[in-house]
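See structure below.
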Amino acid sequence: MKKLFNLILTIGMASVLFSSCRRDDNDLSVADDILGLGGDQWVKNDIDRWLYDNLTKPYNITVKYKWDQFEYDISKTLVPPEESQVIPLWNVIKKVWIDPYNAEAGKVFFNKYSPKVFVLSGSNAYNDNGSVTLGTAEGGRKIVLYAVNQFRVKGMPGYNPTTDSAFIKTWFIQTIHHEFAHILHQNILYPQEFKLVNPARYNGNDWINVSDAAARRDGFVTSYGSSAFDEDFVETVAIMLVEGKDGFDRLINNIPAGTSPNGTTQAEARSYLRQKEAFVVNYFRQVWDIDFYSLQARCRSALSEFL
Amino acid sequence: MKKYLLYILLAASVGVSSCDKGLDDNVFDESPDARLNKTLTELQNQLVDAPYGWTATLYTADSVPYTFYFKFDQNNRVTMYSDINATTAFTGKESSYRLKSLQQPSLIFDTYSYIHLLADPDPTANNGTPGEGLHSDFEYFYDPTTAQADTIKLTGRFYGSHLTLVRAPQAIAADIQANGLRGVLFSNISRYLNYFKRITIDGKEYEISVDAQNKTLTLAWLNDNDEYEYFTTSYHFSAGQNGSVIFDEPFVNGNISVNSFDDMQWDEGSSTLSFAVNGANTSVVGLGQPLKVDVEAPLRWWLYSYDEDDYWISRRGFHVNGVDDGFNMRNIANIYSGHYMLYWAGYNAAYDASPGVRLVNGALSIYGPAVAPSLTPDGRMVFNYVGHFGGTLDAVSTGIITNVRTQLTQAAGYYFVQTGATRYDMVSALDGKAWITWEW
């Protein structure tokens, strides 16, 4: 019993010693000098002010256009954007994405679900197989947009309607609609029946070997849409918003006669796309109380100003 | 035993809990943050406190030199000139920079400017490798132990390119702002239409050829035995003053020694490039003939293909009147991007093949002329048209291949210049304004 007491006493003493050298002050002023605390600092210019007034203040959206290596895939060679590209790009994105959603669904909805950080790369991101990445998203919060230095819309010097209209649609506008639709269905999933429209035609990772035209003959809006159910859903949303009702109808009507190599007839392919359209429209109305056709009209008419 | 164990424990815990802060006091006298702040502030002040800016040399990871001029201000703005092209050399561009503590104190050119042209992974920006560019950087780290008042040495964070800044004197800054990096005018040598270009140094004629992408130049001359000799050096452009092309290795021939071409001038009206060599002016003269024709080269070239029973390739066909792929062979239906043309000596007993090359259903297919070559005593090879491979294509392709055939079979024929072990330039003997490069 006595031995046990000694043991307890010894342990008690040891713990006293361990705790015996607390700093006698609570001075936190040394923390003021920690570099980079509070983010990078630079002298603000007109671009910074425009972004703050038009995006950060109303929508809590940050656009990082100055190079910060850690926002990008560090295995890729990339360059920062031209300063002169930042406001023209965001003027377009605001009008074709932010404004239509706010007009249809309100600021509370938009600010709750919109991604909050956009990072700009001046160049494309080249992949080992020779392809380039259009955009990347992380966790519904951050989106990286590439090839900002090649962004040209009507009225900008060097704008070439035959190449640039498709370029800005796929590189920028479709990317953002795509990622935003992901955020929406990740909050409330679309009906399971969507997956049963043409389940046997999905290509998985082999989508990369399928052209958009071939994918459409099997009832997908794009080849990437044929990779997985979720991608199919958001690609359908994105293409409908980018192309507008007329453009989407044209896309369906242009599916050629005959049977696809996978055995889908023209009538089946058109029917699949019409069913998916209906799922999208119902999903937006029932889940988010958004009139999709009205949203579509706003997005498309805003975009057509720039093409 | 148990008792000893307890004492040992006790002793150990005393050791762990000792709080003598004096042990490491002598290593650094300030915290890491304070020291980093100090280094960055010093670098910032040094960059800004150069009233006439900095001249700089950037060596890419491939060791190609580029010359820059930078002027930094206190508001994270930098104006730069560079020798990359005629725009960057003569028009300053403003962009942003900032200093940041990454793993080392670092200088980042954080929005696009001339320095990013070299790093851009898009080949349309710099003719570099897709996805890699010219292996250059725009984020540089700084080693404070190398600090000097007038020199800042920086190392690229991604590719490891080297950027050395040297404080510029007033005269150089004024010259750059008024005249740009004039040495870049030397690049206009590519606008000469003739293959053969000559300059005169100390009364002797030299042929000059330039590889602008890799910044190397070659001088060729005839020695006392009437044989060719060659000198090749890499070069870089001077920052301001003199508008010079500076040789990385001096050219020495007998009692003359040349370190640079100075006072670069380009006359747009007469399309003439001139400069001073050791103070004496010379103009570049374009010609249709070499200093000395390599009389045996055509047969050497022909026999190589014949003996190997295989063919020479040309990646982009004829260069004509200053234009690469002057006949637009790229527009031939299904043209093979690897090489547009080939030459196969002894294709069969009756004739050689020198057609365009197409890629059809995964297989190479030839389209264009069959020829019969003949040699002239003065060292030219003339190709006579024999027939056509590959049938009829669309009107555009037909028009292009007809132009190629007309060029190839011109009556004046061609000189051959061997530029490597298995590399020849075949130059029109008519006027030297059309040529094709054959590679193995």
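The values are calculated or read from the model by the stated rules, or taken from the named source; none is laboratory data. None of these values were measured; they are calculated from a predicted model. Here the Cβ positions follow ideal geometry from the backbone for every residue, glycine too, while neighbour counts run over all protein chains shown. Just so you know, the surface numbers come from the protein's heavy atoms only, side chains and all, with ligands and any DNA or RNA stripped out. Shrake-Rupley method; radii C 1.70, N 1.55, O 1.52, S 1.80 Å.
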Keeping all protein chains in the complex and leaving out DNA, RNA and ligands, what accessible area do you get for B:R182 with a 1.4 Å probe, in Å² to the nearest 10?
50
Of A:L295, A:F279, A:Q266, whose Cα points farthest to the positive end of the dipole of segment A:257-296 (charges on the beta-carbon: +1 Lys, Arg; -1 Asp, Glu; origin at the Cα centre)?
A:Q266
Please name which of B:T216, B:Y343, B:G326 has its Cα lying farthest along the dipole of chain B towards the positive end, using unit charges on Cβ (Lys, Arg +1; Asp, Glu -1) and the Cα centre as origin.
B:G326
Roughly how much of B:V320 is accessible, in Å² to the nearest 10, using a 1.4 Å probe?
30
Express the relative contact order of chain B as a whole percentage, based on alpha carbon pairs under 8 Å and six or more residues apart in sequence.
10
Could you give me D for segment A:36-128, from Stokes-Einstein at 25 °C and 0.890 mPa s, where the hydrodynamic radius is the Kirkwood radius over C-alpha pairs? Units µm² s⁻¹, please.
167
0 to 90° range, to nearest 10: angle between helix B:395-408 axis and chain B longest Cα axis:
80
Show me B:135-146, B:411-422 ranked by packing, highest mean number of other Cβ atoms within 10 Å first.
B:135-146, B:411-422
Please report the orientation-averaged projected area of segment A:256-299, defined via the convex hull of its C-alpha atoms, in nm².
4.1
Which value results when the Cα radius of gyration for the protein assembly as shown is divided by 2.2 N^0.38 Å?
1.26
Given a cut-off of 24 Å, name the pairs among A:K57/A:K112; A:K116/A:K276; A:K57/A:K142; A:K76/B:K93; A:K57/A:K94 whose C-alpha atoms lie farther apart than that in the structure shown.
A:K116/A:K276; A:K76/B:K93
Given the alpha-carbon gyration tensor of segment B:64-177, what are the semi-axes of its equivalent ellipsoid in whole angstrom, ordered largest first, with each equal to the square root of 5 times an eigenvalue?
21, 19, 13
Evaluate peptide A:73-85: per residue, the Cβ atoms of other protein chains within 10 Å of its Cβ; return the mean as an integer.
6
Equivalent ellipsoid semi-axes, segment B:169-226, via Cα gyration tensor eigenvalues times 5, rooted, Å
30, 15, 10
For segment B:132-232, what is the relative contact order in percent, using Cα pairs closer than 8 Å and at least 6 residues apart in sequence?
13
Based on a Kirkwood Rh over C-alpha pairs, give the Stokes-Einstein translational diffusion coefficient of chain A at 37 °C and viscosity 0.692 mPa s in µm²/s.
147
Derived scalar couplings ³J(HN,Hα) [segment B:183-199; Karplus, 6.51 cos²θ - 1.76 cosθ + 1.60; whole Hz; x for Gly, Pro]:
x, 4, 4, 3, 4, 5, 4, 5, 8, 5, 7, 7, 5, 8, 10, 10, 10
Value of Rg/Rh across segment B:127-266 [Cα atoms, Kirkwood radius]:
1.03
Rounded to whole Hz, the Karplus (6.51, -1.76, 1.60) HN-Hα couplings of segment A:189-206, x for glycine and proline
6, 5, x, 4, 4, 4, 6, 9, 5, 9, x, 6, 9, 5, 9, x, 5, 7
Counting heavy atoms of the protein chains only and a 1.4 Å probe, report the per residue accessible area for segment B:53-174 as a whole number of Å².
36
Find how many whole Å separate the alpha carbon centroid of segment B:253-322 from the alpha carbon centroid of segment B:89-119.
37
Using the C-alpha gyration tensor of segment B:207-333, what are the square roots of 5 times its eigenvalues, in whole angstrom, with the largest one first?
32, 22, 14
Principal axes first, then extents: for the Cα atoms of chain B, list largest minus smallest coordinate on each axis, whole Å, largest first.
106, 66, 46
Charge dipole (debye, nearest 20) of segment A:143-252; +1 at Cβ of Lys and Arg, -1 at Cβ of Asp and Glu:
300
Just need the relative contact order of chain A here, percent rounded to a whole number, with Cα pairs under 8 Å and 6+ apart.
15
